[in-house]
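Beneath this line is the structure, given in structure tokens, with notes to follow.
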Amino acid sequence: MTVFPIKNGQNTRSDSIGPTQLPKQTSDIRDGVIAALIAYVIWGFLPAYFKVVGSVDPVEVLSHRIMWAVPFGALILFARRQWSEVRRALTHRQMLGWLSLSSLFIALNWLVYIWAIQDERIFETSLGYYINPLTNTLSGILLFGERLRWLQKLAVVLAAIGVLVLTVSAGEVPWVALFLAISFTVYAVIRKKVVIGGMPGLFIETLLLLPFAFAWFMWFKASGQAAFASGDVGLTTWLIMAGPVTAVPLLFFALAARRLPLTTIGFMQFLAPTLQFCVGIYYGEHLTTAHLICFGCIWVAVAFFSIDAVRATRKPPQPQPAGA
């Protein structure tokens, strides 16, 4: 039974659900889930894209990712009417400074990711994005004085055990996974300091990186090493697709974030590294016992992390002191 607000001194009451209330909320959640699925599935299968362009130098691939993300990002901003956010950021010195720093970290993250995929380290990239929420949690402790709850402590310990097992077995630290997780955490911390939407922020970051990307591409072209427009139309087309591959999932993620609770987003974020793990199996990467133990620890840690997130959102609000 739904009771509508009193209007004109009368209590208007209905025994049926209002036609615009629940359906609207339900459609928002449905659209949000669909948008999140599109974003995370694209991110999950991203290694397959970089395998297709695996014959191209990682630096050239990165340059195309930046160059083509600018025009595709501009189209999205035009369609969503977000140019005012871009203008505000470009004329705000402090905001532009933070976005310059974040663009450096996202470029390094992308470069290592592309190189790792081409070097047959998909499992490591997957591991990096599994532990990224945990490194985000640790950054909250180190930078913002937050405290770990007991399930979060268990998750961090299990993740550390998993990484240690892989390190001892392989004889080297899984630096790709750690670099991807930490660099993206640093990127996220920087972006928290800038009040700007996902797409406008990415557009400015790629715009700031554009001169460097173009210089890299021209160097490859001048030295005769460029794969772009070298006669292989298919490969050239794939390199142009680096633009939408970068911008489109972020657009869908932004749409999902506006419609879904953070706990739902938190659950779904693990879909991308899971799909990356499957892509690694598809491409025949060597799955060792140490990998299985490490990922087993990480998956249990993810479960603890998710359970803790749900519990935190279900806690009743703290009573406010009198006179507050």
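Ranked for footprinting exposure by Cβ neighbours inside 10 Å, fewest first, Val41, Val195 give Val195, Val41. Counted by neighbouring Cβ atoms within 10 Å, the residues Leu180, Leu90, Leu275 run from fewest to most as Leu90, Leu275, Leu180. Put a plus charge on the Cβ of each Lys and Arg, a minus charge on the Cβ of each Asp and Glu, and nothing anywhere else: the dipole of the stretch 28-311 about its Cα centre is then about 1100 debye. Result for the chain in a Gaussian network model with C-alpha springs under 10 Å: among Asp232, Asp308, Asp57, the largest mean-square fluctuation is at Asp232. Only helices enter the 222 nm calculation for the chain: every DSSP H run of n ≥ 4 contributes -39,500 (n - 2.57), and dividing by all residues gives -25500 deg cm²/dmol, rounded to 500.
Which of the aspartates and glutamates could a cross-linker span from Lys192 if the Cα-Cα distance has to be under 17 Å and same-chain partners fewer than 8 positions apart are dropped? Cα-Cα hits under 17 Å: Glu85, Glu146, Glu205. Here the spin labels are modelled as points 7 Å beyond Cα on the Cα-Cβ line, and at Ile34 and Val310 they lie 2.6 nm apart. Fewest neighbouring Cβ atoms within 10 Å first, the residues Val52, Val61 line up as Val52, Val61.
A simple spin-label model places pseudo-atoms 7 Å from Cα toward Cβ; at Leu142 and Lys221 they are separated by 4.1 nm.
No lab work stands behind these numbers, since they all come straight from the coordinates. This one's a predicted model, so the numbers in the text were calculated from it and none came from an experiment. All Cβ positions, glycine included, derive from the backbone under ideal geometry; neighbour counts span all protein chains shown.
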